[in-house]
Amino acid sequence: MSPHTIQEPEGAPPTLAIVVPCYNEEEVLPITAPLFDEKLQSLELKGLCAKDSFVLYVDDGSKDGTWSIIRALARQMGGRARGARLSRNRGHQNALVGGLMEARGLADVTISIDADDQDDLDAMDGMLEAYRDGYEVVYGVRNDRSTDTAFKRGTAQAYYKVLSLLGADVVYNAADYRLASSRVLDEFADFEEVNLYLRGLFPLVGFPSTTVEYARNERLAGESHYPLSKMLGLAFDGITSLSTRPLQIIVGLGLVISVISFIGVIWCVVTALMGNAVAGWASTTAIVCFMGGIQLLCLGVIGTYVGKTYMETKARPRYIISERAGYEPSPTSEH
Ligand code: UDP
Ligand code: MG
């Protein structure tokens, strides 16, 4: 994690693209877009980013008026707001990759952030200062989860522990509020997997990285798109995308149960030989149920990996951009 030695020449701030994935955010965008723009201007004034910096809104196939709001923003803000629309809803991670891939040819550095102003915009100053100091990736790290429910806090903490136990290199409490240089994104473009778990992939790309702490706020308006079921899905996706350790755990479990079974068999034979064998309904049923459960669970885990392999071999595009607003189309639109 040591800073990169080749520095930007003094007095030449980088062009910044703030990448904002938006799904059904018509209630939030009119409130947060001015905040993003204000932030961009203050960063320009401080000399942390260049004049041609912009916010790129990615409409993730919204079903409400989000795209017309983005188009209006692109019209009004004269180059400081751009929009890209995905042909359908592909989920937060895909929308984010779409935005980052769009932005990398247009800007020197990108910062990805949610549309709902839950992540403190002022952390961008620190991120850009770190970039100026030579870091290519800067993770926004939540230092205060007091606005989350105790349940979300507890499960999140347990989850990071499990991830690190399984050997996945994920920055603790860092979500998708992150600075990445175009250089990192150029390398990231070669990570072509369709099972995306971005916060686990960026550490794999490497390059000097650091963290900036911030406090996470409540959602300004509208509702979270991550109910418990989606959160659990993302969590399981993260584990199975980053680690094959669960498969090894299954092997270990199989070994332990085999050894116990072997001892059980000897015990059965001895009991039978001593003439003490009685009809053992309860123990037999318990063992059958227990083994059935374990086998199904293990099959499920193995099946998840097989399913992922299946999706990866298809290598379908992760997103398709159907419309753009506020800039000339770039030559590539599929990834
Ligand atoms: N989002 C998206 N596609 C989806 C769901 C969410 O682009 O299918 C965006 C959403 O507009 C927001 C970000 O992802 O900018 C995070 O979503 P949300 O705030 O609902 O999640 P939470 O902060 O509760 O985890
Ligand atoms: Mg949110």
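Filter the range 172-200 down to residues that are away from ligand 2 (no atom under 16 Å from the Cβ) and without any contact (Cβ under 8 Å) to a residue 40 or more places away in the chain and give me whichever is nearest to Met311 (Cα to Cα). Give the steps one after another, and end with the answer.
Just the residues of the range 172-200 that are away from ligand 2 (no atom under 16 Å from the Cβ), to begin with: 172, 179-197, 200.
Narrowing further to those that are without any contact (Cβ under 8 Å) to a residue 40 or more places away in the chain: 172, 187, 190-191.
Working: Tyr172: 28, Glu187: 22, Asp190: 17, Phe191: 15 Å.
Here the residue is Phe191.
With respect to Ala221, determine if the residue is within 16 Å of ligand 1 (Cβ to nearest atom), under 30 Å from Glu27 (Cβ atoms) and at pLDDT 80 or above.
So Ala221 fails the test.
Just a yes or no: is a residue in the range 57-80 touching a helix residue (DSSP H, G or I) at 6+ places or on another chain (Cβ under 6 Å), small (Gly, Ala, Ser) and buried (at least 16 other Cβ atoms within 10 Å of the Cβ)?
Taking every residue of the range 57-80 in turn, none turns out to be touching a helix residue (DSSP H, G or I) at 6+ places or on another chain (Cβ under 6 Å), small (Gly, Ala, Ser) and buried (at least 16 other Cβ atoms within 10 Å of the Cβ).
Can you work out which of the residues in the range 220-236 that are in contact (Cβ under 8 Å) with a residue 40 or more places away in the chain and farther than 27 Å from Thr304 by Cβ is farthest from ligand 2 (Cβ to nearest atom)?
Ala221
Is it fair to say Ala168 is within 16 Å of ligand 1 (Cβ to nearest atom), within 14 Å of the chain's Cα centre (by Cα), in contact (Cβ under 8 Å) with a residue 24 or more places away in the chain and within 19 Å of Asp237 (Cα to Cα)?
no
Does the range 134-145 contain any residue that is loosely packed, with under 15 Cβ neighbours inside 10 Å, outside any helix (DSSP H, G or I) and without any contact (Cβ under 8 Å) to a residue 24 or more places away in the chain?
no
Can you tell me which residue is farthest from Leu228 (Cα to Cα) among those in the range 149-173 that are part of a helix (DSSP H, G or I) and of a type in the set (A, V, I, L, M)?
If we filter the range 149-173 for residues that are part of a helix (DSSP H, G or I), which is where we start, we get 150-165.
Retained after the next criterion (residues that are of a type in the set (A, V, I, L, M)): 150, 156, 158, 162-163, 165.
Details: Ala150: 14, Ala156: 12, Ala158: 15, Val162: 18, Leu163: 18, Leu165: 23 Å.
Among them, the one singled out is Leu165.
Scan the range 112-124 for residues that are more than 16 Å from ligand 2 (Cβ to nearest atom) and either within 14 Å of Val137 (Cα to Cα) or buried (at least 20 other Cβ atoms within 10 Å of the Cβ) (or both) and jot them down.
Scanning the range 112-124 gives a single hit, Met124.
In the range 27-125, which strands (runs of 3 or more DSSP E) lie fully inside it and hold 1 or more residues that are within 16 Å of ligand 1 (Cβ to nearest atom), over 16 Å from Asp176 (Cα atoms) and among the acidic types (Asp, Glu)?
Result: 54-59.
What helices (runs of 4 or more DSSP H), lying completely within the range 174-246, carry at least 2 residues that are over 15 Å from the mean Cα position of the chain (by Cα) and surrounded by fewer than 17 Cβ atoms within 10 Å (Cβ to Cβ)?
In the range 174-246, 182-188, 228-242 are the helices (runs of 4 or more DSSP H) which contain 2 or more residues that are over 15 Å from the mean Cα position of the chain (by Cα) and surrounded by fewer than 17 Cβ atoms within 10 Å (Cβ to Cβ).
With respect to Tyr160, is the statement that it is in contact with a strand residue (DSSP E or B) (Cβ under 8 Å, 6 or more places away or on another chain) and among the hydroxyl-bearing types (Ser, Thr, Tyr) true?
So Tyr160 fails the test.
Just to be sure, is Ser112 under 24 Å from Glu213 (Cβ atoms), in contact (Cβ under 8 Å) with a residue 60 or more places away in the chain, touching a strand residue (DSSP E or B) at 6+ places or on another chain (Cβ under 9 Å) and hydroxyl-bearing (Ser, Thr, Tyr)? Working first, answer last.
Details: under 24 Å from Glu213 (Cβ atoms): yes; in contact (Cβ under 8 Å) with a residue 60 or more places away in the chain: yes; touching a strand residue (DSSP E or B) at 6+ places or on another chain (Cβ under 9 Å): yes; hydroxyl-bearing (Ser, Thr, Tyr): yes.
Yes, satisfied.
Let's see how each residue does on (1) out of contact with any His (no Cβ under 8 Å at 6 or more places or on another chain); (2) in contact (Cβ under 8 Å) with a residue 24 or more places away in the chain:
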{"residue": "Val19", "(1), (2)": "yes, yes"}
{"residue": "Tyr23", "(1), (2)": "no, yes"}
{"residue": "Glu26", "(1), (2)": "yes, yes"}
{"residue": "Pro34", "(1), (2)": "yes, no"}
{"residue": "Glu38", "(1), (2)": "yes, no"}
{"residue": "Ser42", "(1), (2)": "yes, no"}
{"residue": "Ala50", "(1), (2)": "yes, yes"}
{"residue": "Ser53", "(1), (2)": "yes, yes"}
{"residue": "Asp59", "(1), (2)": "yes, yes"}
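Let's see how each residue does on (1) more than 22 Å from Tyr159 (Cα to Cα); (2) of a type in the set (Ser, Thr, Tyr):
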| residue | (1), (2) |
| --- | --- |
| Ser224 | no, yes |
| Leu232 | no, no |
| Leu242 | no, no |
| Val259 | yes, no |
| Ala272 | yes, no |
| Gly275 | yes, no |
| Gly292 | yes, no |
| Gly307 | yes, no |
| Thr313 | yes, yes |
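With respect to the numbered conditions (1) in contact with a strand residue (DSSP E or B) (Cβ under 9 Å, 6 or more places away or on another chain); (2) more than 15 Å from ligand 2 (Cβ to nearest atom), which one is the sole condition not fulfilled by Asn217?
In the conditions (1) in contact with a strand residue (DSSP E or B) (Cβ under 9 Å, 6 or more places away or on another chain); (2) more than 15 Å from ligand 2 (Cβ to nearest atom), Asn217 misses (2) alone.
The values are calculated or read from the model by the stated rules, or taken from the named source; none is laboratory data. Note that the structure is predicted; figures quoted are calculated from it, not measured. Because the Cβ atoms are built from the backbone with ideal geometry, glycine has one as well, and the counts that use them run over all protein chains shown.
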